[in-house]
Amino acid sequence: MRLAGKVAFISGGARGMGATEAKLFASEGASVAIGDVLEEEGKRTEAEINQSGGQALFVSLDVTSEQSWKDAIGATVAKFGRLDILVNNAGVSGHGILESTTEAEWDRVMDINSKGPFLGTKVAVPEMRKSGGGSIVNISSQLGLVGTDISSPQYQSSKGAVRLLTKSTAIQYAPEGIRCNSVHPGPINTDMTAARRDDPEIYGKMVGAIPMGRYGEPEEIANGVLYLVSDEAGFVTGSELVLDGGWTAQ
């Protein structure tokens, strides 16, 4: 098992990519804490993992609150005894062009998508230090690397911020054995993309921008994240793993 004896925390782990990551990590031997605002779905994912023989804990988490992060990581360590892995997975999308974007909408997306990983990393690092090192993976986006006219400026800006936060974290904590990498998925078949997939015009534009001609699956992202948090990626830090069907190769 690639994560035997490890303890992982995944924000936004109640459903979608986060839940898929949690289940995969548990199958590879990790004890997994799931942090989310979606309590019903989070407890369902927790139960599925525990019933399949894994170890999981759901904790309520508002990623925009430092105290909420402290409570969630504290509960994880109290339950499992340590912290080795953090996946900053929680995120939201945004809509509209720059001139139609309100200040409140800008702040909402930036707070969840970029402030969230900052706070999670800040709270997790001291516990990883106690464990002798660790691995942080920040879920960015292909739109944290390139721009487009079919996504909102607040979403793209927030994901670009995650990319540079990752590199800053990697450099700062490399001497302590704490690695940090970013993952850049293209469009993925999750609940968050359902509305766009249901709109034929938007769906056509999105698929038309992907050389492989399809959306990705959550399992394809989870496998990439698994590699980065495992010891197999022991010399990998500050890097970008792009899983976008070729979008950014154009």
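Determine, from the Cβ-Cβ distance of Thr148 and Asp198 and an R0 of 22 Å, the FRET efficiency 1/(1 + (r/R0)^6), rounded to the nearest 0.05. Spell out each step's value before the answer.
On the way: r = 20 Å, r/R0 = 0.89.
Here the calculated transfer efficiency is 0.65.
Would you mind classifying the stretch 29-146 by shape? Square roots of the alpha carbon gyration tensor eigenvalues, ordered a ≥ b ≥ c; an a/c under 1.5 is rounded, otherwise it is prolate if a/b is larger than b/c and oblate if not.
Details: a/c = 2.11, a/b = 1.65, b/c = 1.28.
It comes out prolate by the Cα gyration axes.
Report Rg/Rh for the stretch 122-250, rounded to two decimals, where Rg is the Cα radius of gyration and Rh the Kirkwood radius.
Details: Rg = 15.9 Å, Rh = 15.6 Å.
My calculation of the ratio gives 1.02.
Tally Lys and Arg at +1 and Asp and Glu at -1 over the other residues with C-beta under 12 Å from the C-beta of Tyr215: what net charge comes out? Don't skip to the end; give the middle numbers.
Working: positive: Arg196, Arg197, Arg214; negative: Glu217, Glu220, Asp244.
For residues surrounding Tyr215, the net value is 0.
What is the distance in Å between the Cα centres of the stretch 178-195 and the stretch 51-107?
A separation of 14 Å, based on Cα centres.
What does the charge count around Leu61 come to, taking other residues whose C-beta lies under 9 Å from its C-beta (Lys +1, Arg +1, Asp -1, Glu -1)? Can you show the working numbers first?
Values: positive: none; negative: Asp36, Asp62, Asp71.
Net local charge, Leu61 excluded: -3.
Excluding same-chain residues fewer than 8 positions from Lys43, which lysines have a Cα within less than 29 Å of its Cα?
Cross-link targets: Lys6, Lys23, Lys70, Lys79, Lys115, Lys122, Lys130, Lys159.
With 10 angstrom as the radius, rank Ile202, Ile10 by how many other C-beta atoms surround their C-beta, starting from the fewest.
Numbers: Ile202 14, Ile10 31.
Starting with the residue having the fewest Cβ neighbours, the order is Ile202, Ile10.
Net charge within 13 Å of Ala47 by Cβ-Cβ distance, Lys/Arg positive one each and Asp/Glu negative one each, not counting Ala47 itself? Please report the intermediate quantities before stating the final value.
Working: positive: Lys23, Lys43, Arg44; negative: Glu39, Glu40, Glu41, Glu46, Glu48.
Net of charged neighbours comes to -2.
Taking a label point 7 Å from the Cα of Ala4 along the Cα→Cβ vector, which residues of the stretch 228-248 have an amide N closer than 14 Å to it?
231
Apply the Karplus curve 6.51 cos²θ - 1.76 cosθ + 1.60, θ = phi - 60°, to the phi angles in the stretch 170-184 and return the couplings in whole Hz, x for Gly and Pro.
Working through the residues one at a time gives 4, 5, 5, 10, 3, x, 9, x, 9, 8, 8, 9, 10, 10, 10 Hz.
Every number here is computed from the coordinates shown, using simple stated rules; none is lab data. No experiment lies behind these values; they were computed from the predicted model shown. Glycine gets a Cβ as well: all are built from the backbone with ideal geometry, and neighbour counts include every protein chain shown.
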